[in-house]
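Below is one structure, written out as structure tokens; the observations come after it.
The values are calculated or read from the model by the stated rules, or taken from the named source; none is laboratory data. Every value quoted in this text rests on a predicted model; they were computed, and no experiment measured them. Note that we place each Cβ from the backbone using ideal geometry, even for glycine, and neighbour counts take in every protein chain shown.
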Amino acid sequence: MKKIFITILAMLFATSSYAIERPQFSAGLSLSAGVFEADGASEKFTGNHSSGAGSDVTKKASSEGEDAEALYGIGSIFLEAKFNDKFVLGVDYVPHSLDTETTENTQTTTTASATGTNKVQIDFEDYTTVYAAVYLNENVYAKAGYVQVDAITNEVLATGGSYGNKTFDGYTLGLGYNRDLDNGAFIRFEGNYTDFDGVTATNTADTTKSITVNGING
């Protein structure tokens, strides 16, 4: 995804004959609301395991009728530089965490019908977007950027293991409307589509088990 953002920057500044004026800097606060979903989650068992010794088994959440979808609301701060009243480079940062609800399930092992309870809750922190935008006219602009967020996993597994924290990378595309006010301030409305790369994590207490989460978009 980093290549997408680098390509955008190259397109903005590739014309050597185009004079770049001194940038205009601005900062602001934003409130966002939307929905994220993950439709590609799966769990994989390899080698010798209770689901079939000596063979690899993959359980997909989608095939079992399970999916993850969540509404969210976040606040962020942003800083950007505008060149020639047309090109924009900026960074947007969410200074608080986005917390999920706690998910709990009980599993029965193959030995003596023993059961164990697993609990998982995730905090998404340091949600950062680096972006470039170009104004199509005086008010309307198109935007693209590189997105990164840390997933802090707070799990309590019956096996005593864990899957650890992970960082998700992705890209965002948007279209917005900006209106300058007489007092030097501005207001802005924007719609975005964001897509994250998948990650894979292995259980620290049992290396035959791993989970993959992909298909995350919002």
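Considering only residues in segment 84-128 that are more than 24 Å from the chain's Cα centre (by Cα), at pLDDT below 90 and hydrophobic (A, V, I, L, M, F, W, C), the one that is surrounded by the most Cβ atoms within 10 Å (Cβ to Cβ) turns out to be Ala114. Consider segment 133-184 and keep the residues that are modelled with pLDDT under 90 and of a type in the set (Phe, Trp, Tyr). The one that is farthest from Asp195 (Cα to Cα) is Tyr163.
A search for C-beta distances below 9 Å between a residue of segment 119-147 that is closer than 29 Å to Asp85 by Cβ and among the charged types (D, E, K, R) and any residue that is at pLDDT below 95 and not in a strand (DSSP E or B), counting only pairs 6+ apart in sequence or on different chains, returns Glu138/Asp85. The set of residues from segment 176-197 being assigned to a strand (DSSP E or B) and closer than 17 Å to Lys82 by Cβ comprises Gly176, Tyr177, Asn178, Arg179, Asp180, Phe186, Ile187, Arg188, Glu190.
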